[in-house]
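The values are calculated or read from the model by the stated rules, or taken from the named source; none is laboratory data. Since this is a predicted model, take the numbers as computed values, not measurements. Counting neighbours? That spans all protein chains shown, and the Cβs are built from the backbone with ideal geometry, glycine included. Keep in mind that these areas ignore ligands, DNA and RNA; they rest on the heavy atoms of the full protein, side chains included. Shrake-Rupley method; radii C 1.70, N 1.55, O 1.52, S 1.80 Å.
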Amino acid sequence: MTEVNEEQAPKAAPDIAALEQEGEIAADYLEGLLDIADLDGDIDMDVEGDRALVSIVDIKGNDLVGANGEVLEALQELTRLAVHRRTGERSRLMLDVAGYRQGRRVELSKLGAKAAEDVKRSGEAKPLQPMTPFERKIVHDAVAAAGLRSESEGEEPERYVVVLPA
């Protein structure tokens, strides 16, 4: 009997209809929250890879983002719970507010590339500040693109990326 490594096993194609349904449930939930909070904003939905993307756009202020995206993270978790309650399935939905995550993605990609260059130059491992799982994934991708490897260390919420020399 041959054992198959999960990483080598072919991944099933994402169920686009189910992901679109997640987006619709999330949009309804978020529209309700915006109404309760008396905030104006529009909701955009998309599917990227194997997750639904929902964005609150055309919203003024950073009340739904908070310091370092903390309110956004909490809102994303509440939205995932609302989807789970309706579907019975765990959601990997990604929420963005006013383009915060997209801007953060650009910043973190630059941070990962710069850290990789520093490690190439010094030959020494470089730990970075604690980050959310979303942020760590972006840094890991940027480090890999620069030809190095990285690992996450520590325990949530203080988990961080360490960029390793070749």
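The table for this structure:
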read-out	value
Phi to ³J(HN,Hα) by Karplus 6.51 cos²θ - 1.76 cosθ + 1.60 over segment 50-60, Hz, x for Gly, Pro	10, 8, 7, 10, 10, 10, 9, 10, 6, 10, 8
Length added when fully stretched, Ser122-Phe134, from 0.36 nm per residue minus Cα-Cα	1.6 nm
Protein accessible area in segment 1-145, 1.4 Å probe - carbon and sulfur %	50
Segment 75-140: trypsin sites (Lys or Arg not before Pro) in DSSP loop, at most 15 other beta carbons within 10 Å	Arg90, Arg92
Heavy-atom surface of segment 42-90, accessible at 1.4 Å and reported per residue (Å²)	65
Modelled FRET efficiency - R0 35 Å, Asp46 with Ala166, Cβ distances, 0.05 increments	0.45
Residue-by-residue Karplus 3J(HN,Hα) for segment 86-92, coefficients 6.51, -1.76, 1.60, Hz, glycine and proline x	7, 9, x, 10, 5, 9, 10
Relative contact order for segment 10-142, counting Cα pairs under 8 Å that sit 6 or more residues apart, in percent	20
Sites Val71 and Glu153, calculated FRET efficiency, Cβ-Cβ separation with R0 35 Å, nearest 0.05	0.85
Over 29 Å [Cα-Cα, segment 10-166], rounded percent	28
Within the chain, percent of DSSP bridges classed antiparallel, to nearest 5	80
Placed amide H near Val47: partners under 5 Å, 5+ positions off or other chain	Leu53
